[in-house]
1. Fully extended, how many nm does the chain gain between Ala232 and Ala18 (0.36 nm per residue separation, minus their Cα-Cα distance)?
2. Ile167 accessible area, nearest 10 Å², 1.4 Å probe?
3. Would you calculate the separation in nanometres between label points at Arg331 and Leu171, each defined as 7 Å from the Cα along the Cα-to-beta-carbon direction?
4. At Ala258 and Leu358, where each label point lies 7 Å from the Cα along Cα→Cβ, what is the point-to-point distance in nanometres?
Amino acid sequence: MTCPQCGQPTDATAPFCAACGAALGPSAPPPPPPPPPQMPAAPPPAGPVPAPSPTPISGRLVALLRRPNPRLLLLLLMVAAFVVGAASLGTAWWYYTASAGGGSNSLSFYPGGNYDVGCSNSACGGFSSGSFPYTAIGGSIGSLYGADLGLMVAAVLLTGIVAAIAILGWLGRPTGWWQRSGSFVLTVLAFLFSIAAVAGTVAAQPGSFGSSTSFPGLGHGGSPLTSFWGTAGAAMWGAGAGWYLGAASSGLLVVVAAVLILAGHRRLEVPEKRARTATAQPVARSYTAPAPAAEPVPRGYTAPPPARTYARTPVARAPAASYSGTRVTPRPAPTPKTTANDPPPDAPRSRPPPPPVLAAAPAPKMIDCPACGTPNLAKSRTCSYCQRALRE
């Protein structure tokens, strides 16, 4: 082979060149290529960073309609039923209007103990403007609207209790099975009270007027004594806004009961709060700094020759001798100590005499019973079998 340092031929098996003494081993690996240049980061935009645009309200409504939240739906329905039921207490449940004598007359019946009369001319047909008790009309109309007031107040109170439970559930307070069951029971009771007031008014009012009741602009008797809705000439009567609000409250309570049944207890439960976990830290990336650039070699500089190493002749060592058996010398057995009184080692050892053999005990003396012939000990007085005396 050719020496890479001086170019002279040399032995390929020798570690060094015979001419210049340079090492003929493998050359050092080439240095790794430098990393690609890093691009400078873009500077942050000048001025305040714009906030992300929030989700539009229409998108939230669409998402709510596609997958409604039963707790939110229950809350909205109960609040609406409470507000509508409370508004029906202060609104007229039945009205009557008539035109007579160039003016107009009106009657408005409210839940409670009074009704309102409006008259714009002198021909009021026995009525005068103002608020009067139902006893002025006669009959049992006062009892009817008094019962309507009690039923609607009870329905509104029960609806308010269920609405409070729904609000607490929406705010995050966990509700148990007794609260969900109680909400359903209270909702059913509120519906029964409100529907009894609404339907009872329609069924019982025409027969609650007295036989001598007259209405302005209609004369004695008339159709209001026989129907809840109707018209006659210039007169018109029927249910007021309060009655329709009471009916709407009953319908909302039906929807609430359906939500409680169809949603189930799992979807009405408040989800458990998950424990906050530590924010994952960004993984630190290892960065290797680029190697410094090599300095330029000045002109006329010659690198010194590498240090010449001299080969040494290996020292030959004698082979290790093989030994048979173990290399550990056993320890000799200890020599027992002897005294002057000890017998010689060749003398036979004396053995202790065997224990004496005891003589067998003599057999006990027996005697037969004279009565039954059973053998018994001679020293016994009575027979062990017949219990008679052995000696007379």
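The values are calculated or read from the model by the stated rules, or taken from the named source; none is laboratory data. Values in this document were obtained by computation on a predicted structure and should not be read as measured data. In this analysis, Cβ positions are derived from the backbone assuming ideal geometry, glycine residues included, and neighbour counts consider all displayed protein chains. Remember, those area values only see protein heavy atoms, side chains included, never the ligands or the DNA or RNA. Shrake-Rupley method; radii C 1.70, N 1.55, O 1.52, S 1.80 Å.
1. Details: separation 214, 0.36 × 214 = 77.04 nm, distance 14.05 nm.
Between Ala232 and Ala18, full extension yields an extra 63.0 nm.
2. That residue has around 70 Å² of solvent-accessible surface.
3. Once both label points are built, they end up 8.9 nm from each other.
4. If labels sit at Ala258 and Leu358, their model points lie 10.8 nm apart.
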